[in-house]
Amino acid sequence: MKKSINQSTLTIILNGLSILALLFMGLALFGNSHIRDLLNTANAERYDLTYNANRFMNGSAYLTNEVRAFAATGEQQHYDNYMMEVNELKNRDIGVAAMQEIGITEDEQAMIDEMSSLSNELVPLEEESMKMVQNGDRENAIAYVYGKDYSTAITKINSLKEQFLSALDTRTIARIDDLNYQAGFIRKTMLITLIIIAFIQFAIMFVTNRRVLRPVIAVRDQMGEISKGNLSANFALKSNTSEIGMLVESIHETKRELKKYIQDIDDKLAKMAEGTMDLTIGDDYRGEFLPIQNAMRQILDSLNQALSQISITADQVSDESRQMASDAEVLSSGTVRQASAVEELSASIQDIYGQVDRTSKDADTASQHSAEAAKQLQICCQKMEALTNAMNDISEASHQIGGIIKTIEDISFQTNILALNASVEAARAGEAGKGFAIVAGEVQNLANKSSVSAQDIAELIENSMKLVEYGSSLTEETTESISAVVSSAQESSTMIERIAESAISQSHSLQQITQGMEQISEVVQTNASTAQESAKLARDLQNQAEGLKVSVHRFRLRR
């Protein structure tokens, strides 16, 4: 990683320099203020020194002028002015004291002392002169104050005054000039400091803008792109050892990690979408991404477990649906055959019903004939001539009855066979065939009864035919046996009535059997349709189970 000075360190350095420059600027301002105070003080002292020096010098000149005026005019006022200055005003002493208080050099003090000494030397001359004026000797007094000694002393004093003022002015001006120079230097220093501060501030602005604001804006924009999910946005900043550089490195690392996580998740999900479930989720996720890795691992484990169970179930469903389809096909085929058999049985029962109905009608006719025969036997004594015809009729009727009995036995035999078949089919039908089994049993009982009755009738018919044959051969014995014949005829009539009743009962039973068979036929037809529909659904279920099996086997699961 490229080494670079930290923004915080650079900012601290620049801000420290700026603070130092500001402190120096404050000191310069304080120094300038102090120099200005000193300059004002120096100007005031110069004025006061000059004022008090002039006061000192003017006091001396004032005394000289008043002495000379008093000597020249003799006026008392000048004398009083002189004495007031010496005794009360004392401007010379006050001026010297003021200058000493302000501050004067030793040379200046020496010149003051010399001027004071010269002035003090003139005082006796001035007092002498004023005494001369008071004594009326004004000429000598004038000569005294305007004399050579006095004028020489005054000239020396004035010379010393000029030297003192010149020295005082030179010194104070030099002091003021020095303070002005210092003030100018401080002002220049302040200007240079301001320029340095401005440069430092410009450098801070430049550094802040270039090394802080611009990277921060770039980081803000990059984080905005990352928040939108755009991890491929260009990020030109390079990482370094500075704070911003470390932040840039963190962003680059974040993008790399996010891309790695997203690529890994996309790869895993793509393989899962392709059916590859035997994947292994690694342990290279970090931080808040660990729950995602754990969730992916749990999802993959759950999918493997669920799809494995679905695969096993699909195999079982496929096998069971295949078996169900095969059973449904068998059931459908058997149901169709059963429906066909039931239809045939129903048709046979319809035929039997027709035959039994005809038998019932024939039995009714036979009953009528038997009744007629009984009547004929009752009047046989009266109509012996018609006995032969009647016997022939009886013989023919007996033969017809024999044929009917044969038919009844055939019907009974067929009915018994049909009843047995119906019982077998009812047993196959299970719960749905219980009622039909009962009906088949009743039909079988009726068939057995019909068979027994037919046998009985056959025996009776055979006896009747024997009797008829015997009656034919023994016509002469007809009268004797007429009563027996009448009795037999009555019994035959009774038997025929029973046969008729049995035939009628069989007709009703067969009608019920026909209705039951029709119901059974409807049920069987419904079962056949349901079985075919079930077979179709079983085939569809098998196809769907095979499709589910193929779909599940598309996934490559863990073993």
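The values are calculated or read from the model by the stated rules, or taken from the named source; none is laboratory data. Just so we're clear, the structure is a prediction, and the values are computed from it rather than from any experiment. Reconstructed Cβ throughout: ideal geometry from the backbone, glycine too, with neighbour counts over all protein chains shown. With ligands, DNA and RNA removed, areas are computed over all heavy atoms of the protein, side chains included. Shrake-Rupley method; radii C 1.70, N 1.55, O 1.52, S 1.80 Å.
Of everything in the stretch 189-231, what is hydroxyl-bearing (Ser, Thr, Tyr), buried (at least 16 other Cβ atoms within 10 Å of the Cβ) and under 48 Å from the mean Cα position of the chain (by Cα)? Give them in sequence order. If the condition is that a residue be hydroxyl-bearing (Ser, Thr, Tyr), buried (at least 16 other Cβ atoms within 10 Å of the Cβ) and under 48 Å from the mean Cα position of the chain (by Cα), then Thr208 is the only one that fits.
Within the stretch 47-58, identify whether any single residue is polar (S, T, N, Q), open to solvent by 70 Å² or more (accessible area, probe 1.4 Å) and either assigned to a helix (DSSP H, G or I) or within 30 Å of Ile157 (Cα to Cα) (or both), and answer yes or no.
The answer is yes; a qualifying residue exists.
Tell me, please, whether a residue that is more than 16 Å from Ser129 (Cα to Cα) and modelled with pLDDT of 90 or more can be found in the stretch 74-84. The answer is yes; a qualifying residue exists. Look at the stretch 11-26: where a residue is in contact (Cβ under 8 Å) with a residue 12 or more places away in the chain and a partner is small (Gly, Ala, Ser), sitting 6+ places away or on another chain with Cβ atoms under 8 Å, you get Leu14/Ala203. Being over 30 Å from Thr254 (Cβ atoms), out of contact with any helix residue (DSSP H, G or I) (no Cβ under 6 Å at 6 or more places or on another chain) and touching a residue at least 60 places away in the same chain (Cβ under 8 Å) is a property that Gln201 has. Looking across the stretch 124-143, the residues that are touching a residue at least 24 places away in the same chain (Cβ under 8 Å) and open to solvent by less than 80 Å² (accessible area, probe 1.4 Å) come down to Leu125, Glu126, Ser129, Met130, Met132, Val133, Ala141, Ile142.
Using the structure shown, decide if Gln163 is open to solvent by 90 Å² or more (accessible area, probe 1.4 Å) and of a type outside the set (Ser, Thr, Tyr). Judged against the criteria, Gln163 is a match.
Scanning the stretch 384-402 for residues that are modelled with pLDDT of 65 or more, open to solvent by 60 Å² or more (accessible area, probe 1.4 Å), part of a helix (DSSP H, G or I) and closer than 26 Å to Gln444 by Cβ turns up nothing. Of Ile265, Ile281, Ile244, Ile251, all but one fail to be within 16 Å of Ile226 (Cβ to Cβ), among the aliphatic types (A, V, I, L, M) and surrounded by 15 or more Cβ atoms within 10 Å (Cβ to Cβ); the exception is Ile251.
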